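Each value in this text was obtained by applying a stated rule to the coordinates, not by laboratory testing. Quantities reported herein were computed from a predicted structural model and do not represent experimental measurements. Cβ coordinates were reconstructed from backbone atoms using ideal geometry, including for glycine residues, and neighbour counts include every protein chain displayed.
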Amino acid sequence: MFLASERQVRVGMNGAYALDLSAVLAAATARRADTALVLELFPDLEPYVLYAWRPPS
């Protein structure tokens with residue numbers, strides 16, 4: 001779900017700074033995943049997906 005929605009990011013002047021939670025939940029629902037588990041894992045996995053978009057300089 002996280003990789004499927006990796007292009008749904010919130011972007012500011014310095015690049016991507018957050019994933020769109022509604023897109024992640026929509027992907028989870030479409031794949032019939034446990035949304036409670038996705039919500040629990042979201043804060044821990046979000047930084048890794050964002051790192052791919054904006055690695056530290």
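Take each peptide in 41-50, 20-29, count the other Cβ atoms within 10 Å of every residue, and average; sorted highest first, the result is 20-29, 41-50.
Summarising the amide proton neighbourhood of L19: residues at separation of 5 or more, or on other chains, whose placed amide H is nearer than 5 Å comprise R10.
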